[in-house]
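**Q** Below is the structure I would like to discuss, written out as structure tokens.
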Amino acid sequence: MWRGLCTLVARAARGPHRPCRRRSSESPALGSGTTIFALSSGQGRCGVAVIRASGPASSLALRSLTAPRALPPARRACLRLLSDPRSGEPLDRALVLWFPGPRSFTGEDCVELHVHGGPAVVSGVLQALGSVPGLRPAQAGEFTRRAFARGKLSLTEVEGLADLIHAETEAQRRQALRQLDGELGQLCRGWTETLTKALAHVEAYIDFGEDDNLEEGVLEQADRDVRALEAALRAHLRDARRGQRLRSGAHVVVTGPPNAGKSSLVNLLTRKPVSIVSPEPGTTRDVLETPVDLAGFPALLSDTAGLRDGVGPVEQEGVRRARERLEQADLILAVLDSSDLASPATCSFLDTVVARLGAGNPNGGQRLLLVLNKCDLLPPEAASPGPGLPPHLLLSCLTREGLDGLLGALQKELATLCGDPSTGPPLLTRARHQHHLQGCLDALGHFAPARDLALAAEALRVARRHLALLAGGGGTEEVLDIIFRDFCVGK
């Protein structure tokens, strides 16, 4: 009986029987029999440029360019003279590294050439590599795709690597590094183990339910484990938007009545003249958007037209677009002129925008910071710009007084919106992650062993399949193409 139970556990771990197929993300054009090469560092003049090759002919390429020298010791940098294998003409004196597979980034034999970064040197070495039989230029992301195909990286780690390459803020870098380190994959593996154990128990009960030797409470334990997993999945799905904001940027909209200093604030936060600043009201008539690093977090900053009854059709369209952006914003920076709080435009804005959202309080997923600009115009004896105002920050875009306080408040708000990448569980940064976790949760909703054990077992199989797809255990070429298309050539 126990031998049969062990068989069931193994069967649950494997999932439903399918024909055996070697996992490979490479199309025939990207076959493993070829050796690829590319410049892996940035284009243009630089001190050192890194050229890499990967594939079975990598050792031939290294010998051809350094003939008649033997291969250097594995994973040790050696200074070698590179020469054109056709003419014997010296190309450069470079550091070369030899990485025999499978202990390499791609799992194949790999070579790195650290040459001087002049365009002529790089071009000469690339042309020399192209003349070696069996070598061809790499396509975008092909090195990483080969690493994935050989199990060196999971799909979530590949996505973390892509995010790390494109990271522009400290928060993005921290989150990408955690994903590249495999934290999300480890979390998925733990969930998969829970489902595998529950599936083994359910199938054991199906086959041995009448056997007295079967442990009591097997189904009850499986049900408790599944319900605990459901709670964990719901918690992660609630945070899904935070991870996506962290990867692509929170939408921050600067709004207010005309001439309050919105464009001045945008220029101050972006540290460049993005918007035209003029004493004439209504200068901004369209939505000007720019990506910016705000207190270490990525944001898409939008400068909008002043909210008032437009005096012409163009300004009216600008106001309409500004109100549309307000509905889409994650965080609203409401800017008022602290020296003119009694004006009709200011009072109307306080009533229609600030009072509706509530400064500093979440409302429908949106948050608002009230900024009173031009505090340098207030008389020294004024303790407060006005009685009865909601919580606010004082700022002078002209003198930069109050800027540190504003940046601190922005950091706090954006940390709430995007999550803290240095603490807590790993965030879901892509819609693909959310889709598969939601699919897993939906499948677990059909887990009801008290009603039908066969259907309960199938619900667990479907849930495990979604977790496998999330971590990269299967999927279509189209999905993989989408993931790898953002990689540069040489990575």
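The values are calculated or read from the model by the stated rules, or taken from the named source; none is laboratory data. It should be emphasised that the depicted structure is a prediction, and the values quoted were computed from it without experimental measurement. Note that we place each Cβ from the backbone using ideal geometry, even for glycine, and neighbour counts take in every protein chain shown. Calculation scope for accessible area: heavy atoms of the full protein, side chains included, ligands and nucleic acids excluded. Shrake-Rupley method; radii C 1.70, N 1.55, O 1.52, S 1.80 Å.
**Q** Name the single residue, out of those in the range 273-322 being over 25 Å from the mean Cα position of the chain (by Cα) and hydroxyl-bearing (Ser, Thr, Tyr), that is modelled with the highest pLDDT.
**A** Quick first cut of the range 273-322, residues over 25 Å from the mean Cα position of the chain (by Cα) only: 273-287, 303-322.
Next cut, hydroxyl-bearing (Ser, Thr, Tyr) only: 275, 278, 283-284, 304.
Details: Ser275: 72, Ser278: 63, Thr283: 61, Thr284: 64, Thr304: 82.
Among them, the one singled out is Thr304.
**Q** Of all residues in the range 403-429 being assigned to a loop (DSSP other than H, G, I, E, B) and open to solvent by 30 Å² or more (accessible area, probe 1.4 Å), which is nearest to Cys375 (Cα to Cα)?
**A** Per the criteria, the residue is Asp420.
**Q** What number of residues in the range 225-255 are closer than 19 Å to Leu437 by Cα and assigned to a loop (DSSP other than H, G, I, E, B)? Lay out the reasoning, then the answer.
**A** First, the residues of the range 225-255 that are closer than 19 Å to Leu437 by Cα: 225-247.
Add one more test, that the residue is assigned to a loop (DSSP other than H, G, I, E, B), and what stays is 239.
So the count comes out to 1.
**Q** Inside the range 123-179, can you point out the residues that are in a loop (DSSP other than H, G, I, E, B) and more than 29 Å from Thr290 (Cα to Cα)? Break it down stepwise before answering.
**A** The initial filter retains those residues of the range 123-179 that are in a loop (DSSP other than H, G, I, E, B), namely 131-134, 138-139, 141, 150-154, 167-169.
Correct list: Ser131, Val132, Pro133, Gly134, Ala138, Gln139, Arg150, Gly151, Lys152, Leu153, Ser154.
**Q** Name the single residue that is least open to solvent (accessible area, probe 1.4 Å) among those in the range 450-491 being part of a loop (DSSP other than H, G, I, E, B) and modelled with pLDDT of 80 or more.
**A** Here is the first cut: in the range 450-491, the ones part of a loop (DSSP other than H, G, I, E, B) are 450-452, 472-476, 485-488, 490-491.
Narrowing the set further to residues that are modelled with pLDDT of 80 or more leaves 451-452.
Values: Arg451: 200, Asp452: 62 Å².
The residue in question is Asp452.
**Q** Give the range 45-94 a look and list any residue that's in contact (Cβ under 8 Å) with a residue 40 or more places away in the chain and open to solvent by 70 Å² or more (accessible area, probe 1.4 Å), or say none.
**A** Residues satisfying the conditions are Arg45, Val48, Pro56, Leu60, Arg86.
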